[in-house]
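Here's the structure we're looking at; comments come further down.
The values are calculated or read from the model by the stated rules, or taken from the named source; none is laboratory data. Keep in mind that what you see is a predicted model, and the values were worked out from it rather than measured. So basically every Cβ, Gly included, is an ideal-geometry build from the backbone, and we count neighbours across all protein chains shown. Note: accessible area is taken over every heavy atom of the protein model, side chains too, but ligands, DNA and RNA are not part of it. Shrake-Rupley method; radii C 1.70, N 1.55, O 1.52, S 1.80 Å.
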Amino acid sequence: MMGRLRPRTVGTRMTKSLLSKMQTRIETITEESLAEAKRIILEGGVVGMPTETVYGLGGNALDDAAVQKIFAVKGRPADNPLIAHVHRDYDLSRLIDYDPPYAKALREAFLPGPLTLVYPSTGKVSRYVSCGLNTLAIRVPAHAGAQAFLKEVDLPIAAPSANLSKHVSPTSAGHVYDDFNGKIALILDGGECMGGIESTVCDITGEVPVILRPGLITKEMIAKVVGACEVYTPQLQSGEKVKSPGVLYKHYAPRCRTRLFSASALDEAVEYAKECERKGERVAFLCDSGIGKKILCPATVLDLGGTPEEMAASLYARLREAEKICDRLILIEPTDRTEKMVGVLNRLHKACASVDVPH
Ligand code: AMP
Ligand code: MG
């Protein structure tokens, strides 16, 4: 069944050879760099852009070739749809066919911010954006640099996270550079992302909002505004067509071997670390500050912080650090089970999955 979920990626030998000769510049956000970014976008190119969640790889959502270029540069599977990003004053009726009754309340409560809304829509942007689905995911990021860029271009910008497909998402301009040096012309540097995990993706095509991907805007927060909210779990055995193909792919994985332990199995994890070290592996732990203090063995401890917000903000940077310093990363599940941890735990589990898994 998983074979069906691995379609070819979009791209040609021609685009690949052109892309490989490019010089990549990281620029702080100024009038000049925004004008340069606009020029690249209008010419059909892609630009690294900051948001409050993770960095995006943006291209003109109205331009078929630009959207195909995003898929090619990232190596993204051709059935994994993109989110269209717009500035706060953008007229949504230019993009959607129908505005569901409770959508306004959600926009007023959470936007601009880390919530992506999936609307019924067809034909208003490049067909490659939604990969054949009859919906369009739209996000209005809160990051000032993202807003400045989106205002400058005044176009819907299709932007997946700016990492090579399946690699860890980027939370700094340097992370984007590490994955795309030589492949894109410009990265707008808006500093480190405050949110750290990708937006909550929420389908609003039905009577009740349905979360397709958890994030820092939680089910409880949405239910408080509109009275109800459900969480989607794909029932693949039934042959149902998956609503959000991205949930099926392995994501966020560091380039080192990983193993996840629950906090209650800490002693076992320490024994396992010693065993790996005896075999000559460089070992590091990744865990929250509370658990970190209890690890009494010489292996490096990468600290995620203590609160859900700290853990979300630091997770991807720590995973990228881990792949540089160790062969074996031992992740210890944080014990915090409050609502904001749903998104953090989802990413942590996906980072450790050795095969493509649903959440
Ligand atoms: P990324 O751009 O890497 O943050 O991933 C975007 C996520 O949004 C993926 O999980 C996609 O499957 C999901 N997504 C984008 N567009 C849609 C859509 N029209 N319907 C459902 N999910 C979507
Ligand atoms: Mg992504």
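Given Ser126, Ser130, Ser93, which one is over 22 Å from Lys224 (Cβ atoms) and assigned to a helix (DSSP H, G or I)? Talk me through it step by step, then tell me what you get.
Numbers: Ser126 fails: assigned to a helix (DSSP H, G or I); Ser130 fails: assigned to a helix (DSSP H, G or I).
Result of the check over Ser126, Ser130, Ser93: Ser93.
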Listing of helices (runs of 4 or more DSSP H) fully contained in segment 254-359 that carry 1 or more residues being among the β-branched types (Val, Ile, Thr) and touching a residue at least 40 places away in the same chain (Cβ under 8 Å): 289-292, 308-325, 341-352
Flag for Gly113 being modelled with pLDDT under 95 and of a type outside the set (D, E, K, R): no
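Return the residues of segment 26-45 that are surrounded by 15 or more Cβ atoms within 10 Å (Cβ to Cβ) and either more than 16 Å from Leu155 (Cβ to Cβ) or of a type in the set (D, E, K, R) (or both); say none if nothing qualifies. Explain how you work it out, then say what you get.
Initial filter on segment 26-45 (surrounded by 15 or more Cβ atoms within 10 Å (Cβ to Cβ)): 26-27, 29, 33-34, 36-38, 40-41, 44-45.
Ile26, Glu27, Ile29, Ser33, Glu36, Lys38 - these are the residues of segment 26-45 that are surrounded by 15 or more Cβ atoms within 10 Å (Cβ to Cβ) and either more than 16 Å from Leu155 (Cβ to Cβ) or of a type in the set (D, E, K, R) (or both).
Yes/no matrix, rows are residues, columns are (1) basic (Lys, Arg); (2) within 13 Å of ligand 1 (Cβ to nearest atom); (3) buried (at least 24 other Cβ atoms within 10 Å of the Cβ):
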position: Glu152; (1), (2), (3): no, no, no
position: Ile157; (1), (2), (3): no, yes, yes
position: Ser161; (1), (2), (3): no, yes, yes
position: His167; (1), (2), (3): no, yes, no
position: Gly174; (1), (2), (3): no, no, no
position: Asp178; (1), (2), (3): no, no, no
position: Thr205; (1), (2), (3): no, yes, no
position: Ile217; (1), (2), (3): no, no, yes
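Taking segment 194-213 only, how many residues are away from ligand 2 (no atom under 14 Å from the Cβ), among the β-branched types (Val, Ile, Thr) and not in a loop (DSSP other than H, G, I, E, B)? First the steps, then the outcome.
Applying the first criterion (away from ligand 2 (no atom under 14 Å from the Cβ)) to segment 194-213 yields 194, 202-211.
Now drop any that are not among the β-branched types (Val, Ile, Thr), which leaves 204-205, 208, 210-211.
Checking which are not in a loop (DSSP other than H, G, I, E, B) leaves us with 210-211.
Going through segment 194-213 one residue at a time, the tally reaches 2.
Given Ile70, Ile96, which one is open to solvent by less than 10 Å² (accessible area, probe 1.4 Å), farther than 20 Å from Met221 by Cβ and either within 15 Å of ligand 1 (Cβ to nearest atom) or out of contact with any helix residue (DSSP H, G or I) (no Cβ under 9 Å at 6 or more places or on another chain) (or both)?
On the way: Ile96 fails: open to solvent by less than 10 Å² (accessible area, probe 1.4 Å).
Of Ile70, Ile96, the one residue that is open to solvent by less than 10 Å² (accessible area, probe 1.4 Å), farther than 20 Å from Met221 by Cβ and either within 15 Å of ligand 1 (Cβ to nearest atom) or out of contact with any helix residue (DSSP H, G or I) (no Cβ under 9 Å at 6 or more places or on another chain) (or both) is Ile70.
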